[in-house]
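Here is the structure we will look at.
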Amino acid sequence: MEKLHVYNSLTRRKEVFEPISPPFVGMYVCGPTVYGDAHLGHARPAITFDVVYRYLRHLGYKVRYVRNITDVGHLENDADEGEDKIAKKAKLEQLEPMEVAQYYTDRYHEVMQMLNVLRPSIEPRATGHIPEQIRMIEKIIENGFAYVVNGSVYLDVVKYAQYYKYGELSGRENLDELLSGSRELEGQTEKKNPFDFALWKKASPEHIMRWQSPWGEGFPGWHIECSAMSIKYLGECTDIHGGGMDLKFPHHEAEIAQTNACLHPHPPRNEAKYWMHNNLVTINGQKMGKSLGNFITLEQFFSGNHPLLLRSYSPMTIRFFILQSHYRSTLDFSNDALTAAEKGLQRLLNGLRLAKELKTSPITTFDLNAYKASLYAAMNDDFNSAMVIAQLFEGIRLINAIDQGMEKITASDLEAFISLLNTFTFDILGLKQEIEDVTPRLEAVMNILIELRNEARKNKNYALSDAIRDKLAQNKILLKDTPEGTRWQFAPTE
Ligand SMILES: [Zn+2]
């Protein structure tokens with residue numbers, strides 16, 4: 001079988017995945033800044049790296065998955081100026097900053113659970129790792145890659161670039177270009193160069209979130225938390241570092257620089273062996289984001305309560321919609337695309353239920369091993385969930401063909417076939433039955449209703465048999481009479 005290949009943003013090519021110390025895999029993913037409700041743009045990295053996590057575990061790796069909570073230091077704009085986003089929200093609502101962070105962390109967990117996103121192994125908070133961040137900054141100063149001005153500390157990009165490449169990840173390696181691209185903002189005069197970035201900021205008197213440091217009272221810059229926590233929990237070079245494409249610059253570029261500046265290794269360690277970035281969610285071709293004000297929160301999708309939504313969409317519809325595109329492709333939101341995703345998911349789940357009822361034969365007429373290989377080939381090609389879903393629909397086509405007698409399958413092959421489809425659909429893609437209770441008990445109740453309806457029809461009591469069918473249909477359960485008997489399935493919610 002083809003080995004797992006991962007597209008590495010740092011080298012800009014697909015590489016064979018070889019962890020540094022197999023069977024262990026370290027994975028760090030930049031988590032949410034908890035100052036607002038999670039929207040569709042947040043669901044994408046969470047689901048992308050959830051599938052990476054699930055698949056690596058499926059392959060037998062022992063994965064330590066670290067996804068942080070940014071609860072301090074993420075400034076209003078991506079330069080180093082502006083107010084802390086969380087502190088600003090706190091002032092607005094007259095709450096303690098930690099109260100705001102806790103509230104949105106809890107809400108983030110709730111929607112992630114609805115999306116069937118697994119909890120990471122460790123979920124460290126930036127505010128819980130201030131000493132680690134301070135120590136790291138001290139080391140960077142010691143190594144001569146940072147300077148202190150008026151209680152703030154900045155990374156000296158020019159000095160850094162004498163030893164290491166700066167801007168390799170985002171393709172901004174020319175410092176002159178970087179210079180012309182940087183906007184001169186108020187207060188920037190402290191810096192030697194506009195592209196230098198803050199490791200530590202002096203707190204102004206009205207700033208609420210503040211800590212003692214060797215440079216006076218202040219708070220960490222946005223980027224340093226991820227470097228400090230990645231090193232703390234995953235070592236000096238982890239296997240995978242992931243996040244949204246919009247984090248490549250300045251956030252990930254800064255992370256790489258901080259880590260190299262702190263460890264001062266030769267050759268550079270770049271914090272991670274494989275850098276992975278999911279593409280963005282767009283709305284009318286524009287990035288969906290809080291700063292642009294064009295976002296739809298996940299809760300709004302689940303309730304349908306947003307002017308751009310024609311109706312509500314279930315969490316699994318959202319998950320399926322995201323997985324239908326490869327994570328490196330853009331994903332454009334539309335009601336039509338979501339409706340199509342909902343129908344597709346229902347067709348997949350109905351097909352998997354039908355598989356359990358198939359009649360078996362003494363022979364299998366198709367190549368089950370080749371089919372299995374196609375599913376793994378899709379995942380091994382840089383976690384191509386879109387291809388996996390296409391192959392799962394090929395599986396549903398085979399199920400229907402077996403049902404109609406056009407293909408045959410042996411009992412043992414059917415067992416293997418069902419187990420394979422379930423593994424990819426539920427364990428690896430992380431989909432689940434929306435109506436949790438497709439349990440044996442619901443099947444039993446449905447069989448009783450189908451029997452009663454057949455009894456009524458035999459007695460020519462069509463008023464009753466039609467009533468049973470219609471009332472089930474009103475509850476989104478459809479009965480279908482086939483030569484093999486009556487079957488039921490869930491209707492897509494309209
Ligand atoms: Zn980060």
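Results, tabulated for the structure shown:
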| read-out | value |
| --- | --- |
| Set of lysines near LYS476 by C-alpha distance (under 24 Å), chain-local residues within fewer than 8 positions excluded | LYS343, LYS356, LYS432 |
| Amide H within-cut-off set for PHE24, under 5 Å, with H built and near neighbours excluded | LYS62 |
| Förster radius 51 Å - calculated FRET efficiency between GLU451 and PHE393, Cβ distance, rounded to 0.05 | 0.95 |
| Prolate/oblate/rounded label for the stretch 18-278 (Cα gyration tensor, a/c 1.5) | oblate |
| All aspartates and glutamates inside 13 Å of LYS480 as judged from Cα atoms, apart from same-chain residues fewer than 8 positions distant | ASP466, ASP470 |
| Cβ crowding within 10 Å averaged over residues, with 208-217, 285-294 ranked highest first | 208-217, 285-294 |
| Cα extents of the chain along the three principal axes, largest first (Å) | 91, 52, 35 |
| Reachable lysines, given that their alpha-carbon falls under 25 Å from the alpha-carbon of LYS3 and they are not under 8 places away in the same chain | LYS14, LYS62, LYS273, LYS372 |
| Helical mean residue ellipticity (222 nm; -39500 (n - 2.57) per DSSP H run of 4+; nearest 500) of the chain | -13000 deg cm²/dmol |
| Extension gain from GLU96 to ARG119, taking 0.36 nm per residue of separation minus the Cα-Cα distance | 5.7 nm |
| Largest-first ellipsoid semi-axes for the stretch 283-428, taking √(5λ) over the Cα gyration tensor eigenvalues, angstrom | 35, 17, 11 |
| Kirkwood Rh, angstrom, the stretch 440-490 [1 / mean 1/r, Cα pairs] | 11.1 |
| For the stretch 170-269: lysine pairs under 18 Å (alpha-carbon distance), excluding those fewer than 8 apart on one chain | 4 |
| Residues MET1, MET229, sorted so that the one with the fewest Cβ neighbours within 10 Å comes first | MET1, MET229 |
| Diffusion constant of the stretch 370-494 at 10 °C, which comes from Stokes-Einstein with the Kirkwood Cα-pair radius and 1.306 mPa s, µm²/s | 93 |
| Globularity index of the stretch 172-329, i.e. its alpha-carbon radius of gyration over 2.2 N^0.38 Å | 1.31 |
| Dipole-positive endmost among TRP215, TYR163, TYR61 within the chain (Cβ charges, Cα centre) | TYR61 |
| Under 5 Å, built H, 5+ apart or other chain: amide partners of THR364 | THR410 |
| ³J(HN,Hα), Karplus 6.51/-1.76/1.60, whole Hz, each residue of the stretch 11-16, x for Gly, Pro | 9, 6, 8, 6, 10, 5 |
| For ASP71, residues with placed amide H under 5 Å, excluding near neighbours | ALA126, THR127 |
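No lab work stands behind these numbers, since they all come straight from the coordinates. Since the model is a prediction, treat every value here as computed from it, not as a measurement. So basically every Cβ, Gly included, is an ideal-geometry build from the backbone, and we count neighbours across all protein chains shown.
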